[in-house]
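The values are calculated or read from the model by the stated rules, or taken from the named source; none is laboratory data. These figures come from a predicted structure and were not determined experimentally. As a convention, Cβ positions derive from the backbone with ideal geometry for all residues, glycine included, and neighbour counts pool all protein chains shown. These area figures cover heavy atoms from the full protein model, side chains too; ligands, DNA and RNA do not enter into them. Shrake-Rupley method; radii C 1.70, N 1.55, O 1.52, S 1.80 Å.
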Amino acid sequence: LIDIACRENRERIEAGTAEFKVADVTALPWDNGAFSVVTSNDVSCYEEKAPAAIEEMYRVLRKGGRAVIADDRHEQMAAAGFADLRVVPFGRGGQITWGLKL
């Protein structure tokens, strides 16, 4: 999937506005506050690591940044420090949780 993402986003990568890496979700290879938005499309695939992963999402977000997770993770996101949490329905019975780093 990384190869596909790189191929489909070649222009953005060359412009320095996109980057794709394989990494440990509990130890992301970016500095604190590196991003304005982080997303996760399938937290359930690493369920036992979900709390640590959400804490890492919080760490790499800059102040005012937003996290979007395709699942109801409002309790774990609140525990990590996210505010303005919203869980909205998506698709056929799915949910998305939005959170803000203050």
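Highlighted here are the strands (runs of 3 or more DSSP E) found entirely within segment 55-101 that include at least 1 residues which are β-branched (Val, Ile, Thr), buried (at least 17 other Cβ atoms within 10 Å of the Cβ) and in contact with a helix residue (DSSP H, G or I) (Cβ under 8 Å, 6 or more places away or on another chain): 61-69, 94-100. Within segment 35-54, take every residue that is in a helix (DSSP H, G or I) and within 14 Å of GLY99 (Cβ to Cβ) and give me the one that is most open to solvent (accessible area, probe 1.4 Å). Checking each candidate, the answer is PRO51.
Might you let me know whether segment 12-34 holds any residue that is in a strand (DSSP E or B), among the hydroxyl-bearing types (Ser, Thr, Tyr) and either open to solvent by 70 Å² or more (accessible area, probe 1.4 Å) or modelled with pLDDT under 95 (or both)? Within segment 12-34, not a single residue is in a strand (DSSP E or B), among the hydroxyl-bearing types (Ser, Thr, Tyr) and either open to solvent by 70 Å² or more (accessible area, probe 1.4 Å) or modelled with pLDDT under 95 (or both).
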